[in-house]
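Engineer: Got a structure here, written out as structure tokens. Questions coming.
The values are calculated or read from the model by the stated rules, or taken from the named source; none is laboratory data. What you see is a predicted model, and the numbers here were worked out from it, not measured in a lab. As a convention, Cβ positions derive from the backbone with ideal geometry for all residues, glycine included, and neighbour counts pool all protein chains shown. Keep in mind that these areas ignore ligands, DNA and RNA; they rest on the heavy atoms of the full protein, side chains included. Shrake-Rupley method; radii C 1.70, N 1.55, O 1.52, S 1.80 Å.
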Amino acid sequence: MNLRLYARRRFSNRMFLTLSVAAAAFGIAWLAIILGTLLVQGAAAMNLSIFTNPTASAGSNGGLSNAILGSLIMSVLAVAVGTPIGILAGTYLAEYGRHSRFSVIVRFVNDILLSAPSILIGLFIYELVVVHMGHFSAYAGAAALAVLVVPVVVRTTENMLLLVPNTLREAAAALGTPRAFVIRTVTWRAARAGIMTGILLAIARISGETAPLLFTALNNSFSSTDLNAPMASLPAVIFQYAASPSDEWHRLAWAGALIITLAVLSLSILARIFESKRMSQ
Amino acid sequence: MADVALPPSRLPPSLAAALRSFGRSDARFRWLTLGAAWLVLLIFIGIIASLWQGAWPAFRTFGFGFFSGTVWNPVTEKFGAFPAIYGTLVTSALAMLVAVPVGIGIAIFLTELCPRPLRRPVGIAIELLAGIPSIIYGIWGLFVFAPFFQQSVEPWIIGAFADIPGLSTLFAGPPYGIGIFTASLILSIMILPFISAVTRDVFETVPPMLKEAAYGLGCTTWEVMWSVVLPFARSGVVGGAMLALGRALGETMAVTFVIGNAHHIVTSLLAPGTTISATIANEFTEALGDLYVSSLVAIGMILFLITFVVLAAAQLMLRSLEARSGGRSQ
């Protein structure tokens, strides 16, 4: 037995495994530091007036209520528009056009849209909506977010429908059920938990998006529910406040960041619960 | 049952009407889903068309000089994209340089070394972190990382590398805190969970039999990872890294706060610079004049082209992996 070779192999094994543990510790430590700072700074700035008062000039006890409301309104609109489109397109890819050439192209384009820089979606909606309407508006913001919702929902819907066993479809078809009816009452129902997961992930994704809102919904210092006017959103206010010199605004930015992170994390955890429910089915 | 197979003309009228209406609603639903699929395609075409339309005045005015021009001056209406392209490429490359080895290290740790009870929680934590919005990384970078970097790390780097040719120009002072290097590090932290999550998923598709066979021959854990798992998972790991690169190239909020938004090219990585997305985010709403707006859309178009190439390559690599593993598993 070649002991020197053996010792060298053992040494390099030890060394590289130690390096990989070090890499893991290093990476996880940074992520823990970021979350820790966010929790400490955000919790320190948190109080009830953040949820009740709208944004105001520094020193006059402003909150974030209009920004929270704006984010909610635009997210709800975006999901209401984007989800049906996403589910229908995903259904086409999985049910009707599973092997067609057209589907290959749509799948490819959808995956590109899924990871395309979100700021470019903002530019697209700016050119398409803002330029033609002549002003920034909550409609434009919601449209930009809807464009971000669609690819996520398409992807998960298609994947989930593909997991539905073909025997279910065949059994329903053998009863003489029309195809559209099979899809709506059998396959959609079987894939319900998975599709729900996709929608939750899409909401989680748009609730923290800043870049596409900057020049579509812009921002608004006042409480406004007018969809045809600029509207504040939590990420846009954080962006504005963090860049300002005011300490009070910095604290509000931290509080807003904590609210967004908690919302995103709870949505992702909810999505996981749906996912595990699907697995146990 | 036999009735259904008869020609509609010989069916009782009520049944024939019901069948026809089923047929119509069936066709309607099919067209509806096809329309939605077309809409996805139209969004994509719309993005290209609108960016091209918006960018055209800038391309027409500056020609190919737009790509190589280094002046970005709104006052004299002279715009060149090179500093922004340079910043985008350099920050992304540096971020990948840090994040890829560390991300793969985390994936190796998770699949081979982590104690079994910890494996799932740590894995889930990494996946959750991949979903944290980038603006969180941005404000953490601005308020916590940049000041710390400026006071503690940068002076040390500048001092340590001062006498080494090459490195002394790359890491020349003064310590601003914000700059290309800071932005790269924050980007790398941001794409880290993404790379580790994808890599871990790919590692788990490696058949246990292959690994067991290698262990049976007496390979060490590292040898199994390096000679069996990594070659098997190569296209998936590269595809995942390309997806992460696509994110890094287009990332806006994590970078905008800490890059400094300076349109010039300095050899020192510690100096402020800019990226395409940071330039658009910082200047778009305040841009006056058609040529200024058009130039911003034009650099957006360039960003779109760069990310398209990277993401398309990532798709091809991940697709070949899916084809091999026999299913479209996520």
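Rundown of residues vs (1) without any contact (Cβ under 8 Å) to a residue 24 or more places away in the chain; (2) crowded, with 19+ Cβ neighbours inside 10 Å, yes/no style:
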| site | (1), (2) |
| --- | --- |
| B:Ala107 | no, yes |
| B:Leu110 | no, yes |
| B:Arg116 | yes, no |
| B:Pro121 | yes, no |
| B:Ala125 | yes, no |
| B:Leu129 | no, yes |
| B:Ile136 | yes, yes |
| B:Ile139 | no, yes |
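Engineer: Considering only region A:229-252, I want to know if a residue exists there that is on the phi > 0 side of the Ramachandran plot and outside any helix (DSSP H, G or I).
Structural biologist: no
Engineer: Only one of A:Leu114, A:Leu163, A:Leu88, A:Leu128 is modelled with pLDDT of 95 or more, in contact with a helix residue (DSSP H, G or I) (Cβ under 9 Å, 6 or more places away or on another chain) and within 10 Å of another protein chain (Cβ to nearest Cβ). Can you tell me which? Can you show your working first?
Structural biologist: On the way: A:Leu114 fails: modelled with pLDDT of 95 or more; A:Leu163 fails: modelled with pLDDT of 95 or more; A:Leu128 fails: modelled with pLDDT of 95 or more.
A:Leu88 is the lone residue from the list that is modelled with pLDDT of 95 or more, in contact with a helix residue (DSSP H, G or I) (Cβ under 9 Å, 6 or more places away or on another chain) and within 10 Å of another protein chain (Cβ to nearest Cβ).
Engineer: Residue under question is B:Ala287, and the condition is that it be at the interface with chain A (Cβ under 10 Å from one of its Cβ atoms) and small (Gly, Ala, Ser); does it hold?
Structural biologist: yes
Engineer: Taking region B:258-281 as the region of interest, how many residues are within 12 Å of chain A (Cβ to nearest Cβ) and open to solvent by less than 20 Å² (accessible area, probe 1.4 Å)? Steps first, please.
Structural biologist: Pass one, region B:258-281, residues within 12 Å of chain A (Cβ to nearest Cβ): B:258, B:261, B:275-281.
In the following step, the residues that additionally are open to solvent by less than 20 Å² (accessible area, probe 1.4 Å) were identified as B:258, B:275-281.
Count: 8.
Engineer: Could you list all residues from region A:184-213 that are free of Cβ contacts under 8 Å to residues at least 60 places away in the same chain and closer than 23 Å to A:Gln240 by Cβ?
Structural biologist: A:Arg205, A:Gly208, A:Thr210
Engineer: Given the criterion over 30 Å from B:Leu187 (Cβ atoms), more than 10 Å from every other protein chain (Cβ to nearest Cβ) and more than 27 Å from the chain's Cα centre (by Cα), identify the matching residue among A:Ser60, A:Ser12.
Structural biologist: So the residue among A:Ser60, A:Ser12 that is over 30 Å from B:Leu187 (Cβ atoms), more than 10 Å from every other protein chain (Cβ to nearest Cβ) and more than 27 Å from the chain's Cα centre (by Cα) is A:Ser60.
Engineer: Within region A:91-106, take every residue that is more than 9 Å from every other protein chain (Cβ to nearest Cβ) and open to solvent by 30 Å² or more (accessible area, probe 1.4 Å) and give me the one that is nearest to the chain's Cα centre (by Cα).
Structural biologist: Here the residue is A:Val104.
Engineer: Same structure again: Go through the residues of region B:52-69 one by one and say whether even a single one is farther than 21 Å from A:Ile125 by Cβ and either within 14 Å of chain A (Cβ to nearest Cβ) or among the aliphatic types (A, V, I, L, M) (or both).
Structural biologist: Checked region B:52-69: no residue is farther than 21 Å from A:Ile125 by Cβ and either within 14 Å of chain A (Cβ to nearest Cβ) or among the aliphatic types (A, V, I, L, M) (or both).
Engineer: Now a separate question. If you check A:Val147 against the conditions, is it under 15 Å from the mean Cα position of the chain (by Cα), more than 21 Å from B:Glu283 (Cα to Cα) and at the interface with chain B (Cβ under 7 Å from one of its Cβ atoms)? Walk me through it before giving the result.
Structural biologist: On the way: under 15 Å from the mean Cα position of the chain (by Cα): yes; more than 21 Å from B:Glu283 (Cα to Cα): yes; at the interface with chain B (Cβ under 7 Å from one of its Cβ atoms): yes.
So A:Val147 fits the description; yes.
Engineer: Identify, by number, the condition in (1) open to solvent by 30 Å² or more (accessible area, probe 1.4 Å); (2) within 26 Å of B:Met301 (Cα to Cα); (3) within 23 Å of the chain's Cα centre (by Cα); (4) facing chain B (nearest Cβ under 8 Å) that A:Ile28 doesn't meet.
Structural biologist: Just one mismatch for A:Ile28, condition (2).
Engineer: If you don't mind, another one. If a residue must be β-branched (Val, Ile, Thr) and either out of contact with any Phe, Trp or Tyr (no Cβ under 9 Å at 6 or more places or on another chain) or open to solvent by less than 40 Å² (accessible area, probe 1.4 Å) (or both), how many such residues does region B:44-71 contain?
Structural biologist: 2
Engineer: Kindly check whether there is at least one residue in region B:83-92 that is at pLDDT below 85 and more than 10 Å from chain A (Cβ to nearest Cβ).
Structural biologist: No, because not a single residue in region B:83-92 is at pLDDT below 85 and more than 10 Å from chain A (Cβ to nearest Cβ).
Engineer: Ok, one more. Kindly indicate the residue of region B:161-183 that is closer than 23 Å to B:Ala99 by Cβ and of a type in the set (A, V, I, L, M, F, W, C) and also surrounded by the most Cβ atoms within 10 Å (Cβ to Cβ) among those meeting that condition.
Structural biologist: Here the answer is B:Ala183.
Engineer: A further question on this structure: Scan region A:265-277 and tell me whether some residue there is surrounded by fewer than 24 Cβ atoms within 10 Å (Cβ to Cβ), under 17 Å from B:Ser134 (Cβ atoms), free of Cβ contacts under 8 Å to residues at least 24 places away in the same chain and within 11 Å of chain B (Cβ to nearest Cβ).
Structural biologist: Yes, region A:265-277 has at least one match.
Engineer: Okay, next question. If we keep just the residues of region A:76-90 that are open to solvent by less than 10 Å² (accessible area, probe 1.4 Å) and under 16 Å from the mean Cα position of the chain (by Cα), which is farthest from A:Ala180 (Cα to Cα)?
Structural biologist: Across region A:76-90, the extreme among qualifying residues is A:Ala78.
Engineer: Restricting to region A:92-136, give me the number of residues that are closer than 29 Å to B:Ala278 by Cβ and among the charged types (D, E, K, R).
Structural biologist: Result for region A:92-136: 2.
Engineer: Hey, A:Ile195 hits all of (1) more than 21 Å from A:Ile68 (Cβ to Cβ); (2) under 20 Å from the mean Cα position of the chain (by Cα); (3) open to solvent by 40 Å² or more (accessible area, probe 1.4 Å); (4) at pLDDT 90 or above but one; which does it fall short on?
Structural biologist: With (1) more than 21 Å from A:Ile68 (Cβ to Cβ); (2) under 20 Å from the mean Cα position of the chain (by Cα); (3) open to solvent by 40 Å² or more (accessible area, probe 1.4 Å); (4) at pLDDT 90 or above applied to A:Ile195, the lone miss is (3).
Engineer: Hey, B:Thr91 hits all of (1) under 24 Å from B:Pro272 (Cβ atoms); (2) surrounded by fewer than 17 Cβ atoms within 10 Å (Cβ to Cβ) but one; which does it fall short on?
Structural biologist: Unmet for B:Thr91, out of (1) under 24 Å from B:Pro272 (Cβ atoms); (2) surrounded by fewer than 17 Cβ atoms within 10 Å (Cβ to Cβ): (2).
Engineer: Sticking with this one: Could you check region B:159-266 for helices (runs of 4 or more DSSP H) lying wholly inside it with 2 or more residues that are touching a Cys at 6+ places or on another chain (Cβ under 7 Å)?
Structural biologist: none
Engineer: Then there's this: Being within 29 Å of the chain's Cα centre (by Cα) and at pLDDT 90 or above is true for just one of B:Gly216, B:Gly246, B:Gly260, B:Gly236. Which residue is that? Full working, then the answer.
Structural biologist: Working: B:Gly216 fails: within 29 Å of the chain's Cα centre (by Cα); B:Gly260 fails: at pLDDT 90 or above; B:Gly236 fails: at pLDDT 90 or above.
The unique qualifying residue is B:Gly246.
Engineer: Confirm whether A:Ser49 is more than 10 Å from every other protein chain (Cβ to nearest Cβ), out of contact with any Asp or Glu (no Cβ under 9 Å at 6 or more places or on another chain), touching a residue at least 60 places away in the same chain (Cβ under 8 Å) and among the small types (Gly, Ala, Ser).
Structural biologist: No.
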